[in-house]
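Below is one structure, written out as structure tokens, with a few remarks after it.
The values are calculated or read from the model by the stated rules, or taken from the named source; none is laboratory data. Owing to the predicted nature of the structure, the values given are computational and were not obtained by experimental measurement. Here the Cβ positions follow ideal geometry from the backbone for every residue, glycine too, while neighbour counts run over all protein chains shown. Heads up: the accessible areas ignore ligands, DNA and RNA and are worked out on the full protein's heavy atoms, side chains in. Shrake-Rupley method; radii C 1.70, N 1.55, O 1.52, S 1.80 Å.
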Amino acid sequence: MKWLSRALLALGVLLLGINIYGLFRSLRNPELYSLEHEIKNPLNDVVIRYPDIKKELQKKTGESDHDFAIRVNALVHNGFAHYWKTKGIERFHMRVPVWENYMLWAASYIRPARYERYEFANYKKNLERGVGLCSSHSIVVKGILKEYGIKAELLDVGGRHVVVRAEIPNDSVLLLDPDFGIVVPHDTAALTANPELAREPYSRMADLYYKEAVDPYTTDLMVDIFGKHKHVYNVSNWFEGFSYWAIWILPALLILPAFIQWYRKRKVNA
């Protein structure tokens, strides 16, 4: 059985090495800062770099929850690329790289529909990677607001768009749209009853896109979808949280038999 313990030791050391290497890698590819010039879709897509944005996403002394929520919405809009194309899976780490989490990487081949282009439940991982659609932007805003005690949830609006519903204590409810950098100062019931309330906040949609953009969202479209059904958008995934512990526990378990053999041999020879 000595060969088995050696094989397990080798595998354990390999996985441990992959994990350690990943500690020095970032999920964010710097090429995303020039991506908009390639795809010609959203204008000024990423104007704040990572990790600089992390400092800006901290609440300032004396800043109200209302002002903080609006500022976070704008910061995420300016520091996150609107991109989720299949051809960018490897380039922008939509498939979780093996050095980031080899379990999520393996899952992308076992269940590609779920994990090939993976949206993290952990907002910090989405922020680090820096690419995604409206839901990824909104996950980041929700995560930051909740860390500061502001009640927030994700809303799927009309099956076409995801925003953040934030309840500001002793103030109001805001619908935050970090994908477009827009704040809607009305709650869902009012918007369902009168979708035209969304027209003014989304009145300058054409200014957000290049002229050659393909199928850009328009003001009329946003008014239309805000009048439709809305439901909570859920991104929780127990396996993600489990895997970030398990990728370290598994190598330790694989190395353990060889360590026990070495310890017993050392004790006998002592």
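Take Gly159 and decide whether it is touching a strand residue (DSSP E or B) at 6+ places or on another chain (Cβ under 8 Å), touching a residue at least 24 places away in the same chain (Cβ under 8 Å) and more than 19 Å from Val47 (Cβ to Cβ).
Here the answer is no, as Gly159 does not meet what is asked.
Go through (1) within 18 Å of Pro178 (Cβ to Cβ); (2) small (Gly, Ala, Ser); (3) open to solvent by 40 Å² or more (accessible area, probe 1.4 Å) and name the single condition Ser34 misses.
(1)
Starting from the stretch 178-200, keep only residues that are more than 24 Å from Asp67 (Cβ to Cβ), then list their pairs with residues that are small (Gly, Ala, Ser) whose Cβ atoms are within a distance under 7 Å, requiring at least 6 positions of separation or different chains.
Close Cβ pairs satisfying both conditions: Thr192/Gly227; Pro195/Gly227.
Any residue in the stretch 52-62 that is of a type in the set (Ser, Thr, Tyr), farther than 29 Å from Pro216 by Cα and within 25 Å of the chain's Cα centre (by Cα)?
No.
Can you find, within the stretch 203-226, the residue that is nearest to Ala166 (Cα to Cα) among those that are within 24 Å of the chain's Cα centre (by Cα) and of a type outside the set (A, V, I, L, M, F, W, C)?
Tyr217
Looking only at the stretch 121-134, decide whether some residue is within 24 Å of Glu63 (Cβ to Cβ), among the β-branched types (Val, Ile, Thr) and modelled with pLDDT of 95 or more.
no
Find all pairs meeting these conditions: Cβ atoms under 9 angstrom apart; at least six residues apart or on different chains; first residue within the stretch 31-43 and touching a residue at least 12 places away in the same chain (Cβ under 8 Å) and closer than 18 Å to Asp207 by Cα; second residue open to solvent by 20 Å² or more (accessible area, probe 1.4 Å) and polar (S, T, N, Q).
Close Cβ pairs satisfying both conditions: Glu36/Asn44.
Going by the conditions given, is Leu43 touching a strand residue (DSSP E or B) at 6+ places or on another chain (Cβ under 7 Å) and open to solvent by 50 Å² or more (accessible area, probe 1.4 Å)?
Here the answer is yes, as Leu43 does meet what is asked.
Would a scan of the stretch 51-63 turn up a residue that is farther than 26 Å from Asn101 by Cβ and in contact (Cβ under 8 Å) with a residue 12 or more places away in the chain?
For the stretch 51-63, residues farther than 26 Å from Asn101 by Cβ and in contact (Cβ under 8 Å) with a residue 12 or more places away in the chain: present.
Output the number of the condition that Lys230 fails; it satisfies all remaining conditions of (1) farther than 26 Å from Lys40 by Cβ; (2) modelled with pLDDT of 95 or more.
Of (1) farther than 26 Å from Lys40 by Cβ; (2) modelled with pLDDT of 95 or more, only one is false for Lys230: (2).
Specify which of the listed residues (Val223, Val268, Val232) is in contact with a Pro (Cβ under 7 Å, 6 or more places away or on another chain) and of a type in the set (A, V, I, L, M).
So the residue among Val223, Val268, Val232 that is in contact with a Pro (Cβ under 7 Å, 6 or more places away or on another chain) and of a type in the set (A, V, I, L, M) is Val223.
Could you check the stretch 1-114 for helices (runs of 4 or more DSSP H) lying wholly inside it with 2 or more residues that are in contact with a helix residue (DSSP H, G or I) (Cβ under 7 Å, 6 or more places away or on another chain) and among the polar types (S, T, N, Q)?
Ranges flagged: 2-22.
Would you confirm, using the coordinates I've provided, whether Val46 is touching a residue at least 60 places away in the same chain (Cβ under 8 Å) and either over 20 Å from the mean Cα position of the chain (by Cα) or over 29 Å from Lys211 (Cβ atoms) (or both)?
No, not satisfied.
Is the stretch 110-119 home to any residue that is modelled with pLDDT of 95 or more, among the aliphatic types (A, V, I, L, M) and buried (at least 19 other Cβ atoms within 10 Å of the Cβ)?
Taking every residue of the stretch 110-119 in turn, none turns out to be modelled with pLDDT of 95 or more, among the aliphatic types (A, V, I, L, M) and buried (at least 19 other Cβ atoms within 10 Å of the Cβ).
List the residue pairs whose Cβ atoms are under 6 Å apart, where the first residue sits in the stretch 116-130 and is touching a residue at least 40 places away in the same chain (Cβ under 8 Å) and more than 18 Å from Glu31 (Cα to Cα), the second is of a type in the set (Ser, Thr, Tyr) and surrounded by 23 or more Cβ atoms within 10 Å (Cβ to Cβ), and the two are 6 or more positions apart or on different chains.
Glu119/Ser136
Leu57 - would you say it is among the aliphatic types (A, V, I, L, M) and surrounded by 17 or more Cβ atoms within 10 Å (Cβ to Cβ)?
Yes; evaluated as a whole, the condition is true for this residue.
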